[in-house]
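The values are calculated or read from the model by the stated rules, or taken from the named source; none is laboratory data. Since the structure is predicted, the reported quantities are computational estimates derived from the model, not experimental observations. Please note: Cβ atoms are built from the backbone with ideal geometry, for glycine as well, and neighbour counts cover all protein chains shown.
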Amino acid sequence: MDIDYSKIEAELVEELALAGLPQPKREELLGKMLEALLKRIFMDTMERLGEKGMTEYESLIETEPSEAAVGKFLEEHIPNYGAFVQDIVDQFKKDIKAVAA
């Protein structure tokens with residue numbers, strides 16, 4: 001499952017009205033938001049995998065797998081992983097909007 005970071009960035013710029021900011025400031029904010037979002041996706045994914053799944057994930061990562069192999073692992077261990085990630089992204093945007101309001 002590939003995460004389309006450019007799509008997420010575009011959504012954040014549009015939904016949070018960041019287009020009016022100077023580009024350096026906008027890029028700085030987007031970088032921080034994406035970092036926070038990726039941490040949230042990772043933490044929620046590890047929580048959903050559980051102890052056994054986390055151990056299997058760690059073993060997989062030690063083999064330096066391709067992105068496709070990691071995606072396949074996550075799809076196999078978390079049904080509808082793409083929807084799972086999209087839910088996290090949607091909640092993240094809601095949380096950011098609530099803080100910005």
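Filtering segment 41-75 to residues that are among the small types (Gly, Ala, Ser), part of a helix (DSSP H, G or I) and free of Cβ contacts under 8 Å to residues at least 12 places away in the same chain leaves Gly50, Ser59, Ala68, Ala69. When Glu11 is tested against (1) outside any loop (DSSP other than H, G, I, E, B); (2) at pLDDT 90 or above; (3) farther than 27 Å from Ala69 by Cβ, only condition (2) is not met.
Considering only segment 44-56, I want to know if a residue exists there that is at pLDDT 95 or above, more than 25 Å from Lys32 (Cβ to Cβ) and under 17 Å from the mean Cα position of the chain (by Cα).
Looking through segment 44-56, at least one residue is at pLDDT 95 or above, more than 25 Å from Lys32 (Cβ to Cβ) and under 17 Å from the mean Cα position of the chain (by Cα).
Against the test of being within 27 Å of Lys97 (Cβ to Cβ), surrounded by 14 or more Cβ atoms within 10 Å (Cβ to Cβ) and in contact with a Phe, Trp or Tyr (Cβ under 9 Å, 6 or more places away or on another chain), the options Leu74, Leu34 yield a single qualifying residue, Leu34. Against the test of being under 20 Å from Lys94 (Cα atoms), free of Cβ contacts under 8 Å to residues at least 40 places away in the same chain and part of a loop (DSSP other than H, G, I, E, B), the options Leu38, Leu18, Leu34, Leu30 yield a single qualifying residue, Leu18. Annotation: of all residues in segment 76-101 being of a type in the set (Val, Ile, Thr) and in a helix (DSSP H, G or I), the one that is nearest to Leu60 (Cα to Cα) is Val85.
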